[in-house]
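S.K.: First the structure, then my questions, so here it is.
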Amino acid sequence: MKVWVDPERCQGHTLCSMIAPNSFQLSDIDGSSSAVSDVVPDDQLEQVREAVRSCPEQAIILTD
Ligand code: SF4
């Protein structure tokens, strides 16, 4: 699975990095999130799915 954060939608709520700290990093400049790696390791997939569900802006896109 691959993941990315839509910068147009992300509002920097930080929820994703709290839920999946190994998969999302926050910008020091504006607090926006980005994926640490576009390929999600299997052992992080459930946390990433939870982040997708929790993002208030639906900014996290998870694809095959
Ligand atoms: S939870 Fe959503 S809006 Fe908040 S930082 Fe993460 S991707 Fe951005």
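Values in this text are rule-based calculations from the coordinates and carry no lab data. This one's a predicted model, so the numbers in the text were calculated from it and none came from an experiment. Reconstructed Cβ throughout: ideal geometry from the backbone, glycine too, with neighbour counts over all protein chains shown.
S.K.: Output the 0 to 90 degree angle, nearest 10, between the alpha-carbon long axis of helix 45-54 and the longest principal axis computed from the alpha carbons of the chain.
M.R.: Helix 45-54 sits roughly 40 degrees off the main axis of the chain.
S.K.: Using Cβ counts within 10 Å as a stand-in for footprinting exposure, how do THR63, THR14 rank, fewest first?
M.R.: Exposure proxy ranking, most exposed first: THR63, THR14.
S.K.: Still on this model: Can you show me the helix-derived [θ] at 222 nm for the chain, built from DSSP H runs with n ≥ 4 at -39,500 (n - 2.57) apiece and divided by the number of residues, rounded to the nearest 500.
M.R.: -6000 deg cm²/dmol
S.K.: Sticking with this one: How long is the gain from ASP28 to ASP6 if the chain were fully straight, where each residue apart is worth 0.36 nm and the alpha carbon distance is subtracted?
M.R.: 6.2 nm
S.K.: Here's a follow-up. Quick one: Debye curve from the C-alpha atoms of the chain, no solvent, what's log10 I(q)/I(0) at q = 0.21, 0.27, 0.30 Å⁻¹?
M.R.: Computed log10 I(q)/I(0) values: -0.71, -1.21, -1.51.
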